[in-house]
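This report concerns only the one structure given below.
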Amino acid sequence: MGDILSTIFSALDNGNLRTGLERSVRNLAPASIRALDTWPYLVELAEHVRKVKEEVFQNIDYYIDETMKSVRRCAGHAYLAKSPDEVKRIVDDIIGDGRKLIVKAKSMVTEEIQLREHLIAKGHEVYETDLGELLIQLSGGKPMHAIAPAIHITKEEAARLLKKIDPDVRDDMSIEELTARVRLFLREKFIKADVGISGANSIAADSGAIFLISNEGNIRNSTNLPPVLISITGVEKIMPTMKDAFFQALVQSGYAGLYPPTYLSVIAGPSSTADIEYHRVYGVHGAKEMHVILYDGGRRKALKDEHLWEQLLCLRCGRCQAECPIWDLVGNTWGGRVYGGPMGIGWTAIIEGIDKAAPLAMFCLGCRKCREVCPSKIDMPSIIRYIKSKF
Amino acid sequence: MPLPTKDVLSMIVRNTLRKGSPISIPSDAASGWARDINLPKGGETVLYTSLLYQMVPYTIASTKYLEKLERGSVGGALLKLGKMVSSVFDVSKLASGVSQQEISSQHEILKRIAALIKKADIKFGYLYDDELYAGTLLYDFGRDKDFAKHAKGVYDIFKRNGVGKVITIDPHTTHVLREVYPKFVDGFDLEVENYLEILVEKEISPKRKLEISVTVHDPCYYARYLEIIDQPRELLSRAGVEIREPFRTKRLTFCCGGPIESLSPRLSEEVASLRVSELKEVCENVVTMCPFCYVSLSRAGQGRVQVKDISLHLGEAYL
Ligand code: SF4
């Protein structure tokens, strides 16, 4: 417990982290406010999304079932995994034997599962393709923000880390040059990759389509170029229809202050053609196989919890983090293994247990700023106060 | 060296349950101000301070000490830390560090508030030494059982004194009585009014114009829990005060860090310092409406901003 404050204090003493947080907070909050001012329908959509999600939560097993059926209808493979181990087993089976080259899009769920670490331990060659997440991978640390994982890494630090994969990187390179080096390096990996792994910002029960938003364009490449695509998403991301799934993705990017998202991918099944003699062939330019793993990981249990269920309405936009006074100072170091800040307290209780979350919760100020800005209007202060009561 | 969260917490709970407030305050410091202005004892309507303003000088002293413990500049091994923490909450040990001047400044605030309410033609009394702290911290820290017990005691005292309506003067107490007590205390039927609401409702008029500019630091509980946002602004602008809004204001106001001051003075001060910078960007005269905000922002803002409770401005203009 004393450990939590010690961690927080070393974060307070970390100049790079402080500067990074300060800069990103100054950009993130106004960007989101601007997005909502410019596209006010996002606020209405957010309300709508919350209502729809509550409905889904009432019948979660039904919607999981429908989603799996729909995925299969589009020639995809569907799985429901209850634990990290189950996900790992399913992924291992899909990937098969031998050393494979794997490209990954950023996904918090795979952080929960520690999938990258698992695959590397299995001997595969794995690369995160989101630039920030790649830096995190190379640093061996944890992501600092749901949207901007590497806000605490300076240019100099980034250059030092990138040298690990590209010996031509030099300390004096500009940010543009560093980015170009990464582009070059990953381009080759995308083309040669055996497997692509992604999360999903949203998934539609009526059609089995997954929705992915991205600005870098790495998600397109990771999901389109490798012959095998595995998408893993929490069951709370299920929406009943394509339309609502689309709305959910829009709301997330709007509140994250990244609107419009540069790319929005909708993927329903593997790529295919029947252009020659009406004979169906899979894997034309995109993936030949698509696997969708719906991940429970404590979520359905939490849905039955009178207090914790509400945190599952979270879209992971990161808005509450940027507005939280404690998070502004120390980022995700105030958090559990994966999630930090206001949303991170509830999520930590869900995925790691309330005992892990309780000592963190004690440093919540109860200022209610998180609830004020949350698209889902999640009453995080009440959730956190409940968690405090278990300390 | 980080403070032991559990020890700090149990001291707060223990003191509140045994002595009525997290740091017990000598009678003079608690109710001397009311004696000075001859407020009647009890009555149907009472002004309820929850002892928060009175606690300010003691909080300042105890935080100074906790700060030293946290920095490790008072000797002692980890073993003794728990013991040291408990002595911080023992008022007799603190006494030397308590500023008499701060006691009188806080008393001045309370007197002004009482005078302003009188000006609004409200008849009210005060519970004097019967007055207890509302137990807000117990609730905020999730100590629900202890809170329920304490709240029941507080309510009983009101009832025993024949109180039907309380006038609150700070955000935390207004919130806890209005929205939390009814859930924890069976049959809770007190009417809860906040003095800023009363002053606006009764349209008190200023005697003189203040030619000053200020920035208003909305306390979280007024802004986001109770929606008391326009009232302070209306009272100040009617008095001719120019209000400059900081980057984050009103419903989006930014916390002063106060709620965790006892768990980590350092972390709390870092939060306050962020806020002070935002406020200073627009104006050096900072208006607070909550004793916790006053303590936090003055501590972090030393030499950077002037922090003054709203009642002092209102007193100058309206009394
Ligand atoms: S809790 Fe709300 S604001 Fe925070 S990340 Fe989730 S959806 Fe966004």
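Looking across the stretch A:224-236, the residues that are part of a helix (DSSP H, G or I) and open to solvent by less than 10 Å² (accessible area, probe 1.4 Å) come down to A:VAL235, A:GLU236.
Applying the criterion of at least 1 residues that are on the phi < 0 side of the Ramachandran plot and assigned by TED's automatic domain parsing to the domain that holds B:GLY20 to the strands (runs of 3 or more DSSP E) found wholly in the stretch B:152-216 leaves B:165-168, B:191-194.
Restricting attention to the stretch B:220-237, which residues are in contact (Cβ under 8 Å) with a residue 40 or more places away in the chain and more than 9 Å from every other protein chain (Cβ to nearest Cβ)?
Pass one, the stretch B:220-237, residues in contact (Cβ under 8 Å) with a residue 40 or more places away in the chain: B:220-222, B:225-226, B:228, B:232, B:235-236.
Correct list: B:TYR222, B:LEU226, B:ILE228, B:PRO232, B:LEU235, B:LEU236.
Does A:LEU329 meet the test of being open to solvent by less than 20 Å² (accessible area, probe 1.4 Å), within 20 Å of the chain's Cα centre (by Cα) and not small (Gly, Ala, Ser)? No, not satisfied.
Table: residues versus (1) of a type in the set (Lys, Arg); (2) more than 20 Å from the chain's Cα centre (by Cα); (3) open to solvent by 70 Å² or more (accessible area, probe 1.4 Å).
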site: A:ASN14; (1), (2), (3): no, yes, no
site: A:THR19; (1), (2), (3): no, yes, no
site: A:ARG26; (1), (2), (3): yes, yes, yes
site: A:LEU36; (1), (2), (3): no, yes, no
site: A:GLU55; (1), (2), (3): no, yes, yes
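Quick check: is even one residue across the stretch B:229-239 modelled with pLDDT under 95 and on the phi < 0 side of the Ramachandran plot? No, the stretch B:229-239 has no match at all. Can you tell me which of A:ILE8, A:ILE64 is touching a Leu at 6+ places or on another chain (Cβ under 7 Å), in the same structural domain as A:ASN332 (by TED's automatic domain parsing), among the β-branched types (Val, Ile, Thr) and in contact (Cβ under 8 Å) with a residue 12 or more places away in the chain? None of the others qualify; the one that does is A:ILE8. If the condition is being open to solvent by 30 Å² or more (accessible area, probe 1.4 Å) and part of a helix (DSSP H, G or I), then the stretch B:226-266 contributes B:ASP230, B:GLN231, B:GLU234, B:SER237, B:ARG238, B:LYS250, B:ARG251, B:LEU252, B:PRO259, B:ARG266.
Within the stretch A:160-213, the set of residues being open to solvent by less than 10 Å² (accessible area, probe 1.4 Å), under 23 Å from the mean Cα position of the chain (by Cα) and of a type in the set (Val, Ile, Thr) comprises A:VAL195, A:ILE197, A:ILE203, A:ILE210. Close contacts from the stretch A:248-264, counting a first residue that is outside the structural domain of A:ARG26 (by TED's automatic domain parsing) and a second that is assigned to a helix (DSSP H, G or I) and of a type in the set (Val, Ile, Thr), with Cβ to Cβ under 7 Å and a gap of 6+ residues or different chains, come to A:GLN248/A:VAL49; A:VAL251/A:VAL49; A:TYR263/A:ILE219.
Results for (1) hydroxyl-bearing (Ser, Thr, Tyr); (2) open to solvent by less than 10 Å² (accessible area, probe 1.4 Å), shown as yes or no for each residue.
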position: A:THR273; (1), (2): yes, no
position: A:TYR282; (1), (2): yes, no
position: A:ILE293; (1), (2): no, yes
position: A:ASP305; (1), (2): no, no
position: A:ALA322; (1), (2): no, yes
position: A:PRO325; (1), (2): no, yes
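Looking across the stretch A:21-43, just one residue is closer than 15 Å to A:TRP334 by Cβ and not β-branched (Val, Ile, Thr), and that is A:LEU21. Considering the conditions (1) of a type outside the set (S, T, N, Q); (2) within 10 Å of the ligand (Cβ to nearest atom); (3) modelled with pLDDT of 95 or more; (4) open to solvent by less than 10 Å² (accessible area, probe 1.4 Å), A:ALA358 is excluded by exactly one of them, (2).
For the stretch A:29-55, the set of residues classified as away from chain B (no Cβ under 13 Å) and either in contact with a helix residue (DSSP H, G or I) (Cβ under 7 Å, 6 or more places away or on another chain) or outside any helix (DSSP H, G or I) (or both) consists of A:ALA35, A:TRP39, A:PRO40, A:LEU42, A:VAL43, A:LEU45, A:ALA46, A:HIS48, A:VAL49, A:ARG50, A:VAL52, A:LYS53, listed by residue number.
Among the conditions (1) within 14 Å of the ligand (Cβ to nearest atom); (2) among the β-branched types (Val, Ile, Thr); (3) open to solvent by 30 Å² or more (accessible area, probe 1.4 Å), the only one that A:VAL338 does not satisfy is (3). Looking at the stretch A:275-391, the helices (runs of 4 or more DSSP H) lying wholly inside it that each contain 1 or more residues that are away from chain B (no Cβ under 12 Å) and closer than 30 Å to A:VAL195 by Cβ sit at A:299-303, A:341-352.
A:GLU277 - would you say it is surrounded by fewer than 24 Cβ atoms within 10 Å (Cβ to Cβ), on the phi > 0 side of the Ramachandran plot and modelled with pLDDT of 95 or more? Step through it out loud before you land on a result.
On the way: surrounded by fewer than 24 Cβ atoms within 10 Å (Cβ to Cβ): yes; on the phi > 0 side of the Ramachandran plot: yes; modelled with pLDDT of 95 or more: yes.
Answer is yes for this residue.
Tell me which residues, restricted to the stretch A:250-269, are more than 16 Å from the ligand (Cβ to nearest atom) and open to solvent by 20 Å² or more (accessible area, probe 1.4 Å). Once the filter is applied, which keeps residues that are more than 16 Å from the ligand (Cβ to nearest atom) and open to solvent by 20 Å² or more (accessible area, probe 1.4 Å), the stretch A:250-269 yields A:PRO260, A:THR262, A:TYR263, A:LEU264, A:VAL266, A:ILE267, A:ALA268.
Would you call B:ILE198 farther than 30 Å from A:ASN14 by Cα, at pLDDT 95 or above, touching a strand residue (DSSP E or B) at 6+ places or on another chain (Cβ under 8 Å) and open to solvent by less than 10 Å² (accessible area, probe 1.4 Å)? I'd like the intermediate steps shown before the answer.
On the way: farther than 30 Å from A:ASN14 by Cα: yes; at pLDDT 95 or above: yes; touching a strand residue (DSSP E or B) at 6+ places or on another chain (Cβ under 8 Å): yes; open to solvent by less than 10 Å² (accessible area, probe 1.4 Å): yes.
Yes; evaluated as a whole, the condition is true for this residue.
The values are calculated or read from the model by the stated rules, or taken from the named source; none is laboratory data. Because the structure is a prediction, the values reported are computed rather than measured. Ideal geometry is used to build each Cβ from the backbone, glycine not excepted, and the neighbour counts take in all protein chains shown. These area figures cover heavy atoms from the full protein model, side chains too; ligands, DNA and RNA do not enter into them. Shrake-Rupley method; radii C 1.70, N 1.55, O 1.52, S 1.80 Å.
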